[in-house]
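Below is one structure; the comments refer to it alone.
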Amino acid sequence: MHIAILTAILFALTGVCAAQSSHLLGAGRANAWRLVVALVILGIWAHGFGPGLGGGVLAWFLLAGGIGFGLGGWCVFQALRRVGSTMTLLIVECAAAVFATIIGWIWLGATLRPVEIAFAALVLTGVMVGITPGPIPALRREAVVAGCMLATAAALCQAVSFNLSRHAFTLLKHSGDSLQPLGAAYQRLLGGCLVAVMIYAISGVVRKQSGVRQQPHAQPAPFPESPLPAPVWVALNALLGPVLGVTCMLWAISLVANPGMVQTVAASSTLLTVPFARCLEAARPRTSYFLGCLLALGGIAGLLLC
């Protein structure tokens, strides 16, 4: 679970970088480019020092990546452009924790003790208390509804993806093989890149044929001028998210029976995002934010001691 805490920190930084790159480049392009950059980095390691496409569970990781990175990533970027990084991460991370826990319980048979459920609920409660009352950009109702729906879809994709990854690690263990988290991250990313590029290409064709570049409700949330150029945000997003963040997440998932517990700790990234969002997106936390932090910290401490 200690690795999940590091994952939360990395994901907090990733959310802000993703919002900035999405604002500057557009959701589809930013998502596709961050996956391509991450694929190059992980590919150099995997084929130069790791197993490449080996391990025996390539199909499972490709499927997990296609659902999580490809389809889920597209939904995340679309949501980011509508409601910003704070609200998007709140929905994605909290809902994904619930979805992942339920799927892991039903499909993988990874039951939880009541005390674990209680502490996990405390973490998610802290996240909701700390973030929900916070400032939300003055957006139209259509944009908020669309953004929330897209974020929920992304959460479901993320939950399914992590459970598929956990299943792949279980198959590896039973077969006597092994695959390092970096190698698993690379194989997942291959599936993610394929789906992301397909979505980007199809979206481009649809927009070109319809003659409409962007619907009114898809206008991005208000942003101050970005302090860094788009390529830097894309590179940071790729390094902190698909490379380091997901590798740490997979490492934790390989060690914990129910992926929902790992995702629950990672959900605290929404709280960690606030200080960065305050600097870059003019978001100011309220007093309830600090109460939420205390509740989430208490829940995480309880999970670590279970």
Can you find a residue in segment 137-155 that is in a loop (DSSP other than H, G, I, E, B), in contact with a Gly (Cβ under 7 Å, 6 or more places away or on another chain) and under 26 Å from Gly70 (Cβ atoms)?
-> no
Which of the following residues is hydrophobic (A, V, I, L, M, F, W, C), surrounded by 24 or more Cβ atoms within 10 Å (Cβ to Cβ) and more than 18 Å from Leu272 (Cβ to Cβ): Ala118, Ala79, Ala110?
-> Ala79
(1) within 21 Å of Leu271 (Cβ to Cβ); (2) at pLDDT 80 or above; (3) hydrophobic (A, V, I, L, M, F, W, C) all hold for Val37 apart from (1)
Answer residue from segment 180-198, given it is touching a Leu at 6+ places or on another chain (Cβ under 7 Å) and under 20 Å from Ala30 (Cβ atoms) and is surrounded by the fewest Cβ atoms within 10 Å (Cβ to Cβ) among those = Leu190
Residues being farther than 15 Å from Val256 by Cβ and surrounded by fewer than 20 Cβ atoms within 10 Å (Cβ to Cβ) - total across segment 157-171 | 1
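The values are calculated or read from the model by the stated rules, or taken from the named source; none is laboratory data. Quantities reported herein were computed from a predicted structural model and do not represent experimental measurements. Reconstructed Cβ throughout: ideal geometry from the backbone, glycine too, with neighbour counts over all protein chains shown.
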